[in-house]
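The values are calculated or read from the model by the stated rules, or taken from the named source; none is laboratory data. Quick caveat, the model's predicted, so the values are computed rather than measured. Neighbour counts are summed over all protein chains in view; Cβ atoms, including those assigned to glycine, are modelled from backbone coordinates with ideal geometry. Remember, those area values only see protein heavy atoms, side chains included, never the ligands or the DNA or RNA. Shrake-Rupley method; radii C 1.70, N 1.55, O 1.52, S 1.80 Å.
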Amino acid sequence: MRLPRARPLPGEPPSAPARLAGIEMHATTRADFIMRGVLAAGAAYGLGAVSPFVSRALAQGTQYAPPEQAGKSDVEILNFALTLEYLEAEYYKRALSAVSMRGEVRELVKEIYDNEAAHIDFLTGAIKTFGGKPGRVPTVTFPFGSESAFLELAQTFEDTGTMAYNAAGPLLESKAVLNNAGQIAQVEGRHAGAIRWLRGHNVTDGALEGVLSFQEVVERVDPFIVDSPRSFQEAKPESGL
Amino acid sequence: MLASVTAACGQQDKVFPNTVAPGAEENNQVGGGTVFGEGDVGVVNFALLLEYFEADFYDALNKTDFFSGKIKDFLRTVEENEREHLEILRELSKQQAGGTVQKPETKFNFTSRKQALAITVFVENTGPGAYLGQAPRIQSADVLAGALAIHTIEARQAAALNMMVGRKASPDGPMARPFTIEESLKRTEGMLISTPVVK
């Protein structure tokens, strides 16, 4: 099955004006002298003077905090992640009985399911620690068919999870939470890499992980959630936020 | 195990398994001195050293004829990714006032397909832990975003290699293990043969 593709996959740099506009926006909120220094070299000598690698890094650096997600509290971010983890865990749990899989795929799916279930427990505990209320378990629906279709959607979920955690990283206030979010992000990235390898797909789409805004994450996974939690509804484009 | 994960949530700064204390400065100490520089300068220089090492590693590995087909293609892509990380970090490091870590000397000895693949699995599982260990020390949001963007690429590569040798994708379980600088460098012993120099 195919998901609607919201926009070009990460890795494609935005146009130079968009990039500069992003930096402008940033300069008002954060002092990031090192990256700004690289950018200044580009501004002075033209973006072509900056190595293509660095301009790609810059393009991504400017993307990580779209306006609608700045200002979210750590608890809100963790709750958003919790919904994703619920979705993933349930996907693998059902797939283990609904999909006929090769041995090595089944082994991986069991491993991934255990990890996602542990992430749910972790996030639930962390949200409570910060005085928040963990979001409810969403009702989900998946189209199950062949192993190959299952792996394709699994890749979408894992890629989405990896990019969502990466986007959230710099927004987190607590360094302890950042540390833990990084631990989870790495495990999501490992799932994505393993699934892609077993599918015979590229393990990476370029040398830098992309990031997804909350809205982009919701667009990718909302078709599988019957009753979206409030954090997801708020991130939908039609909500006007 | 899960019960202990949640039970550990009682205190915000002492969270969960596999963590190093965020910002712990011993993280940045090698042989009793701050070799790589203070703060973000140190993080970038440490990451740059690691990428020099990895780029050299894959250059040497891809000169052997142990691999073919899908694995060969994969290893070439990994080398390209590592070179790109190297370029980014070299540019960043040059912009810093605190000096740049110099290209280290490396030595690799690949004797068979099996041995080479085993070393590659070990080396590639070092990168993600090394980046993860640095993330909470980073002050600049942009440098953090860059480090995170490299971190999960290293993680993807490590997991694919783990699949090739029948390991778990995430051998440390649901919460990946961060490595300190010391631990990371220890994993390069015998291959990274010069001590880090910043100038």
Quiz item: How many Cβ atoms of partner chains, on average, are near each residue of A:119-128 if near means within 10 Å of its Cβ?
Solution: 5
Exercise. Over 21 Å between C-alpha atoms is what I'm after, so list which of A:Lys110/A:Lys133; A:Lys110/B:Lys168; A:Lys72/A:Lys128 land there.
Key: A:Lys110/A:Lys133
Quiz item: To the nearest whole number, what is the average tally of beta carbon atoms from other chains within 10 Å of the beta carbons of peptide A:106-115?
Solution: 3
Quiz item: Per residue, how many Å² of accessible area does the range B:33-186 show with a 1.4 Å probe?
Solution: 34 Å²
Practice problem: Give me a single rounded figure for A:206-216: the average over its residues of other chain Cβ atoms within 10 Å of their Cβ. | Solution: 4
Exercise. Straight distance only, please: which lysines reach the Cα of B:Lys94 with their own Cα at less than 25 Å, same-chain residues fewer than 8 apart left out?
Key: B:Lys103, B:Lys199
Practice problem: Find the sum over both chains of the accessible area lost when A and B are paired, probe 1.4 Å, and report it in Å² to the nearest 100. | Solution: 5300 Å²
Quiz item: Which value, in Å² and to the nearest 10, is the accessible area of B:Met163 when all protein chains are kept and the probe is 1.4 Å?
Solution: 30 Å²
